[in-house]
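Working notes for the structure below.
Derivation of every value follows stated rules applied to the coordinates shown; laboratory data play no part. All values derive from a computational prediction rather than experimental measurement. Heads up, the Cβs are rebuilt from the backbone with ideal geometry, glycines too, and the neighbour counts pull from every protein chain shown.
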Amino acid sequence: MSDRAASRDVVVAGAGLVGLALAAALARAGLAVTLVDRGPVAAADTGDWDVRVYAISPGNASFLQALGAWQGLSCERIAAIESMRIEGDAGATLSFSAYELGERALAWIVEERALRAALLLQAHAAGVDVVAGGRFAKLAWSVSEGTLALEDGRSYAGRLVVGADGLNSWVRHAAGILAEPRDYGQQGVVANFECEHAHHGCARQWFRDDGGVLAWLPLPGRRISIVWSAPDALARELMALPHDEFRERVAAAGGNALGALKLITPPAAFPLRSLRLPTSVAHRMALVGDAAHGVHPLAGQGVNLGFGDAQALASVLAERGPVADAGAPVLLERFARRRAEPVLAMHTVTDGLARLFGARAPWLRTLRNGGLSAVDRLPMIKRALALPALR
């Protein structure tokens with residue numbers, strides 16, 4: 001490829017799940033798209049279970065199906081969350097059922113590696129120019145386009161540049177949006193296990209009295225994936241444990257609900273951060289996914305918000321009518337308005353719950369557990385809470 005490629009409609013920076021989905025959706029809508037990532041794009045399939053799993057909402061499963069990616073996933077590696085049980089730090093419980101909500105599943109558990117491979121295949125099939133290993137050097141703007149320059153001298157210009165490059169987004173900083181993620185003082189400890197008893201498609205979540213949250217998510221067969229949002233000191237302690245002691249701690253923390261556990265992937269940990277931006281758009285630039293917002297994983301909605309961004313931006317550009325310019329301000333403003341409410345709502349809920357259950361005051365402990373129990377007795381309120389997570 002030449003040092004200076006012809007100007008495209010859209011340049012997407014970042015080939016994570018959201019960037020890949022957005023690029024494929026835009027190309028399918030007839031736009032010329034280049035997707036650039038700093039690292040390798042294809043993930044090697046080792047055959048092992050991926051420690052990185054996501055709970056994909058029914059609405060986003062339909063989006064991925066429309067792209068052709070969902071059909072490319074092996075049904076033997078997908079698990080349906082058919083029910084969910086939440087327990088407060090004083091024994092209060094709240095449960096949700098897909099059957100009661102008229103859904104096949106509350107969400108679908110999918111491995112990151114498998115979904116990435118399926119999306120990459122669809123991006124190529126849609127005609128996306130995929131550039132791997134392109135280290136970002138400079139982002140420059142003119143009246144009519146943005147240009148992403150790489151360290152090796154190549155550059156890619158587009159009417160619109162989209163930052164899909166994660167929570168510590170290089171594109172966001174280069175565009176002058178300088179908001180920094182706020183640290184929760186927690187790490188997400190993740191691992192996969194085989195379990196003694198069947199999980200029956202039930203996801204379990206415990207709000208713990210140390211302010212952390214433990215989630216067990218069903219995998220195919222008698223397997224689960226866990227996300228333990230643990231205070232930093234506890235996370236370091238858990239990561240330092242021998243594997244036998246680690247699995248015993250996880251089993252005990254979940255009340256041995258599924259019997260004995262056997263570790264099948266080594267644990268990993270990542271810091272938990274929150275990010276709220278004053279805007280997700282600027283001159284010929286838009287942010288999607290974690291580059292635009294960071295939420296606590298207790299609701300498992302981070303990647304779903306990102307796919308919502310991709311759907312919204314692709315829809316706005318596909319329906320742009322006589323506005324040929326993909327980076328026109330009217331289109332970016334339309335996208336920003338469409339995403340403002342759902343992003344704010346999800347951030348408010350997840351951040352509020354993290355703060356509420358992180359507070360140690362006895363009266364708050366009574367209040368939050370009483371609230372869980374009260375909601376569990378009110379079907380209409382439960383439904384209203386569950387519906388946004390199904391989209």
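Once fully extended, how much extra length lies between Ala260 and Arg391, figured as 0.36 nm per residue of separation less the alpha-carbon to alpha-carbon distance? Working shown, then result.
Working: separation 131, 0.36 × 131 = 47.16 nm, distance 3.48 nm.
Going from the current span to full extension adds 43.7 nm.
Taking every DSSP beta bridge with both residues inside the chain, roughly what % is antiparallel (nearest 5)?
Approximately 70 percent, going by the DSSP bridge assignments.
If you scale each eigenvalue of the Cα gyration tensor by 5 and take the root, what three semi-axes come out for the range 181-248, rounded to whole angstrom and sorted largest first?
23, 15, 10
Suppose R0 equals 30 Å; then what is the FRET efficiency for Glu333 and Arg182 from their Cβ-Cβ distance, rounded to the nearest 0.05?
The computed FRET efficiency comes out at 0.65.
Where the centre of each part is set by its Cα atoms, how far does the range 133-159 sit from the range 160-192, in angstrom?
Cα centres, the range 133-159 to the range 160-192: 20 Å.
Give me the distance in nm between label points sitting 7 Å out from Cα along the Cα-to-Cβ direction at Arg276 and Glu196, one decimal.
Rounded to a tenth, the inter-label distance reads 4.5 nm.
Take the Cα pairs of the range 1-156, get the Kirkwood Rh, then feed it into Stokes-Einstein at 25 °C and 0.890 mPa s and tell me D in µm²/s.
Answer from the Stokes-Einstein relation: 139 µm²/s.
Once both labels are modelled 7 Å past Cα along the beta-carbon direction, what's the Asp232-Ser144 spacing in nm?
Simple spin-label model gives 5.0 nm for this pair.
Normalised by the residues of the chain, what does the relative contact order come to in percent, with Cα pairs under 8 Å and at least six apart?
On the way: 818 pairs, mean separation 85.6, N = 391.
This gives 22 percent for the chain.
For the chain, which DSSP H helices look membrane-span-like by this rule: Cα extent along the axis of 30 Å or more and mean Kyte-Doolittle of at least -1.0? Mind dumping the intermediate values first?
Numbers: long enough: 329-358 (41 Å, 0.16).
Those that clear 30 Å and a mean of -1.0 are 329-358.
Determine the dipole magnitude for the chain: charges of +1 sit on the beta-carbon of Lys and Arg, -1 on that of Asp and Glu, nothing else is charged, the reference point is the Cα centre, and the result goes in debye to the nearest 20.
Taking the Cα centre of the chain as origin, the dipole is about 760 debye.
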